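Encoded as structure tokens, the structure appears first; notes follow it.
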Amino acid sequence: MLPVIDIRNVHRIYESAAGYTHALKGVSLQVSRGEFLCIMGPSGSGKSTLMNTLGCLDTPTSGTFKLEGVDVSTLDDDELAELRATRLGFVFQSFNLLPRATVLRNVMLPLIYSDCPVREREERAVRALQAVSLPEAYYDHRSNELSGGQMQRVAIARALVNDPAVILADEPTGNLDSATGEMVLKTFRRLRSEGKTIVLITHDPDVAAWADRTVHIRDGKLLTDEQERALVAADHTIRSST
Amino acid sequence: MRMRDLAYETASALDANRGRSLLTVLGIVIGISAVIAMTALIGGIKQSLVGELGLNQARLVNIYLYLDRSVTLDDAHALTQMMPEYEAVAPITYASAKTTSETKSFDASVVGTEPVYFHVMGLKFLQGENFTEQDESDGALVAVLDQGAVRNLYGKHDEQVVGKTVQIGSVSYRVVGVIESDMGGSGDSGTAYIPFSTCAARLSGSWDVSGMVGLASEDTDITKIVDTTKHKIQTYYNVDDEAIEDGTYIYTMQSVIDELDTMMGAFQLIMTAVASISLLVGGIGIMNMMLTNVTERIREIGLRKALGARSSDITKQFLLESVCLCLAGGVIGILLGYLGAYALAALAGGTMASGLGLGDTTITPAIDIHAVVMATGICVLIGVLFGYYPARRAARLDPVESLHYQ
Ligand SMILES: Nc1ncnc2c1ncn2[C@@H]1O[C@H](COP(=O)(O)OP(=O)(O)OP(=O)(O)O)[C@@H](O)[C@H]1O
Ligand SMILES: [Mg+2]
């Protein structure tokens, strides 16, 4: 089956006043439909850069990226925007909800950019909120009246509402305590069982444990299968010794 | 993005910083109220001018003849016959004479004319009535006084004087009527109107006319009547072009109104300059606020882009915001402008009116739909003009950087 995400030999070089930063050094990765993939790596290893590339927010300096078989580099800005509106869902570490708007309004926000008919919107938003099990009593609350875990679930509902091909989550539990984080991860797990494709970034091995597959990134490069095995083995030794 | 969504986003964004928005649009408010107050007052002055002059006055034509031959009453009548474009024409001869009542006397202007004069001039009788055609053909000793003459002869301008006798020159006349005069008869001037034939026989000693006043027919093109009239006089006297140019002075009230317009033009220019400057300052204020707005909402912009907003969606959103801001300022400005115009008219309208020679008429500001439409248009224009740069700046933001902006 055609992978949802197919990137090959992607490089990303940032140019700034301080000089060049080679953030991605030839990354290749395939994610199949219905997979829950975790990308792990230490700070500064290029996780967010990779995520932005997958989310069509950033264009690679070289290499190819195909989303559902479409070569993204051939698209213009408006087409990329449409792709983000309809095929991609984002979940951020800092939630990024509109604080003054209600929960329902926040979840409906992507729909105004995907030309969804007005009468369908509320229904779709409610369905998305049900999928993240947010109680109905909160739908009309302003989003800044919610707890962190609730906010993140609203954000996931917002990512879901357009029924995207992939949900991209950059450290979604980074701002949450472990119990709330677990609740959010359960939500992802359930979405996974409903057939959603999820790419999640973290530097926390406990979070990675929820995924089907984990890839490690170090200094802009993904570890080879061999290195992965060595890492897992090393990890075991560390764990068993403590 | 649909219009409806755009409107919703704009409304909630404006609602979020209402207080600041109000302060920002102050420049627009001042500019627009200046424009509106000015047009309302000028419109009001024009209206009361036309009202004061009476409807007839727009059709009034003054004809003065300085040809090197005399124009007699008979000539005037013959000319009148030749000019069907006039509803009525009255010949005039001027004189002046010491005029005396039982108690007082003064030097009055005397106008000898025919009864139709008062109709042509649109003068209203305050007391009594006009002298008649019969009086004219009899050379009767009757007079119509204006309020100025009444005041000079009897001390106050509203004295009941019909039936009383006044002496004009060496002869006594019976007062048959009183008409209003400019400024309610203040000043030390006054006019007595007597039949043309009486004036010719008793005062001027000649049957020559000094001029004529004509009332153009309703369907006459007033802008052409000066030339038509000149042409008729030229035909009647059979003189050359030069003689007719030098020997006639014909003007209409329209030309007086036009003159007033030019005078108002200077005032209008100053007010327009004031308004333009405050609109410019207001526009810059709007731009400044929109730039602040964009900076404050960088994360929101990044989010919207990540959620699929196109650059044009962001541009539209911020542009509509600044246009609505300006429009709100415009609406407030229009209301304040009319309010100000009414206040000014109530406080200083009397002074202004008498300064313009309108007597004690009140000036009512004119509410003009054109001015409102124009003001609204200006606001939209300012909103677009000064909102475009901030909106484009918002649209061009990089989504990744914006999302991580602190
Ligand atoms: N806009 C940018 N301009 C210049 N360099 C950048 C930019 N964004 C990221 N980098 C650099 O690229 C490298 C990878 O950054 P990235 O944000 O992808 O790391 P990360 O793995 O997400 O780290 P963290 O776990 O701390 O979020 C870093 O060295 C960073 O300094
Ligand atoms: Mg990161």
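The values are calculated or read from the model by the stated rules, or taken from the named source; none is laboratory data. Keep in mind it's a predicted model, so treat the numbers as computed, not measured. Because the Cβ atoms are built from the backbone with ideal geometry, glycine has one as well, and the counts that use them run over all protein chains shown. With ligands, DNA and RNA removed, areas are computed over all heavy atoms of the protein, side chains included. Shrake-Rupley method; radii C 1.70, N 1.55, O 1.52, S 1.80 Å.
May I ask for the accessible area buried between chains A and B, both sides summed, probe 1.4 Å, to the nearest 100 Å²?
When A and B are taken together, about 2200 Å² of accessible area is lost.
Measuring with a 1.4 Å probe in the full set of protein chains, what accessible area per residue, in whole Å², belongs to segment B:60-219? Spell out each step's value before the answer.
Details: 6960 Å² over 160 residues.
Heavy-atom SASA per residue in segment B:60-219 reads 43 Å².
Measuring from centroid to centroid over Cα atoms, what is the spacing of segment A:134-180 and segment B:1-40 in Å?
Measuring centre to centre over Cα atoms gives 35 Å.
Can you list, by residue number, the Cys in chain B that have no neighbouring cysteine C-beta under 4.7 Å?
Within chain B, the cysteines lacking a partner Cβ under 4.7 Å are B:CYS199, B:CYS324.
Per residue in segment A:108-149, which ones lose no less than 50 Å² of accessible surface when going from chain alone to all protein chains (1.4 Å probe)?
Correct list: A:ILE112, A:TYR113, A:VAL118.
Given a 1.4 angstrom probe, what's the average accessible area per residue across chain A, in square angstrom?
46
Please give the average number of partner chain Cβ atoms lying within 10 Å of the Cβ of each residue in B:246-254, rounded to a whole number.
Details: counts 0, 0, 0, 0, 0, 0, 0, 0, 0.
The mean count of partner-chain Cβ atoms within 10 Å per residue comes to 0.
Place the peptides B:367-380, B:29-42, A:93-106 in order of packing, highest mean first, counting for every residue the other Cβ atoms within 10 Å and averaging per peptide.
B:29-42, A:93-106, B:367-380
To the nearest 10 degrees, how steeply does helix B:369-395 sit against the main Cα axis of chain B, on a 0 to 90 scale?
20
Could you compute the net charge surrounding B:THR72? Neighbours are other residues with a C-beta less than 15 Å from the C-beta of B:THR72; K and R count +1, D and E count -1.
Cβ neighbours under 15 Å give a net charge of -4.
How many nm is it between the label spots at B:GLU218 and B:LEU339, if each spot is 7 Å from the Cα in line with the beta carbon?
4.3
Could you give the length gained on full extension between B:ILE284 and B:LEU381, defined as 0.36 nm per residue of separation minus the Cα-Cα distance, in nm?
Length difference between fully extended and current span is 33.6 nm.
Carbon and sulfur: what percent of segment A:34-125's accessible surface (1.4 Å probe)?
47
For helix A:178-193, what angle does its Cα long axis make with the longest principal axis of chain A, in degrees from 0 to 90 and rounded to 10?
90
In terms of the Cα gyration tensor, with a ≥ b ≥ c the square roots of its eigenvalues, is chain A rounded because a/c is under 1.5, prolate because a/b exceeds b/c, or oblate?
It comes out oblate by the Cα gyration axes.
Round to a whole number: what % of the accessible area of segment B:199-331 belongs to carbon and sulfur, probe 1.4 Å? Intermediate results must be reported in sequence, preceding the final value.
Values: 3690 of 6130 Å².
With neighbouring chains kept in place, the figure for segment B:199-331 is 60 percent.
Report the normalised scattering of the protein assembly as shown as log10 I(q)/I(0) at q = 0.09 Å⁻¹, calculated by the Debye formula with identical scatterers on the alpha carbons.
-0.83
Under a crude label model (7 Å from the Cα following the beta-carbon direction), how far is B:GLN406 from B:ASP227 in nanometres?
8.0
Shape verdict for segment B:60-219, please, from the Cα gyration tensor: rounded (a/c under 1.5), prolate (a/b greater than b/c) or oblate.
Cα axes put segment B:60-219 in the prolate bin.
Set the bar at 19 Å for Cα to Cα. Now go through A:LYS66/B:LYS316; B:LYS98/B:LYS164; B:LYS104/B:LYS164; A:LYS47/A:LYS221 and name every pair that lies beyond it.
A:LYS66/B:LYS316
Go through B:391-400, A:31-40 and give me the packing order, highest mean Cβ count within 10 Å leading.
Taking the mean over residues of other Cβ atoms within 10 Å, the ranking is A:31-40, B:391-400.
Do any residues of segment B:297-341 show a loss of at least 50 square angstrom of accessible area between the isolated chain and the full protein assembly, using a 1.4 Å probe, and if so which?
Those residues are B:ARG299, B:LEU303, B:ARG304, B:ALA306, B:LEU307, B:GLY308, B:ARG310.
Which value, in Å² rounded to 10, gives the accessible area of B:LEU403 with a 1.4 Å probe and all protein chains present?
About 10 Å², rounded to the nearest 10.
Between helix B:26-53 and chain B, what is the angle of the helix's C-alpha long axis to the longest principal axis, kept within 0 to 90° and rounded to the nearest 10?
That helix lies at roughly 20 degrees to the long axis.
7 Å from Cα along Cα→Cβ at both A:ASP71 and B:GLN134: what's the point-to-point distance in nm?
Label at A:ASP71, label at B:GLN134, 11.2 nm between them.
Given axes a ≥ b ≥ c from the Cα gyration tensor, I'd like to know whether segment B:116-164 is rounded (a/c under 1.5), prolate (a/b larger than b/c) or oblate.
oblate
Got a sec to turn the phi values of segment A:168-176 into Karplus ³J(HN,Hα) couplings, 6.51 cos²θ - 1.76 cosθ + 1.60 with θ = phi - 60°, whole Hz, x for Gly and Pro?
Calculated HN-Hα couplings, in order: 10, 10, 9, 6, x, 9, x, 9, 10 Hz.
Can you tell me the accessible area per residue over segment B:233-367, all protein chains present, probe 1.4 angstrom, in square angstrom?
Here the residues of segment B:233-367 average 47 Å² of exposed surface.
Can you pull the percent of segment B:1-131's accessible area that's carbon plus sulfur, 1.4 Å probe, other chains left in place?
57
Among the residues of segment A:56-91, which ones have their accessible area go down by 20 Å² or more when all the protein chains sit together, as opposed to their chain alone (1.4 Å probe)?
Residues passing the criterion (a loss of at least 20 Å², heavy atoms only) are A:LEU57, A:ASP78, A:ALA81, A:ARG84, A:PHE90.
What is the local net charge at B:TYR236, summed over the other residues whose Cβ is closer than 13 Å to its Cβ (Lys, Arg +1; Asp, Glu -1)?
On the way: positive: B:ARG69, B:LYS230, B:LYS232; negative: B:ASP74, B:ASP75.
Residues near B:TYR236 contribute +1 overall.
Can you work out the base-10 log of I(q)/I(0) for segment B:52-125 at q = 0.27 1/Å, using the Debye formula on its C-alpha atoms alone?
For segment B:52-125, the Cα-only Debye profile gives -1.32.
In a shell of Cβ-Cβ distance under 9 Å around A:LEU200, excluding A:LEU200 itself, what net charge do Lys and Arg (+1) and Asp and Glu (-1) give?
Taking every Cβ under 9 Å from that of A:LEU200, the sum is -2.
Roughly how many whole Å is it from the C-alpha centroid of segment B:133-186 to that of segment B:89-109?
Distance between centres, Cα-based: 9 Å.
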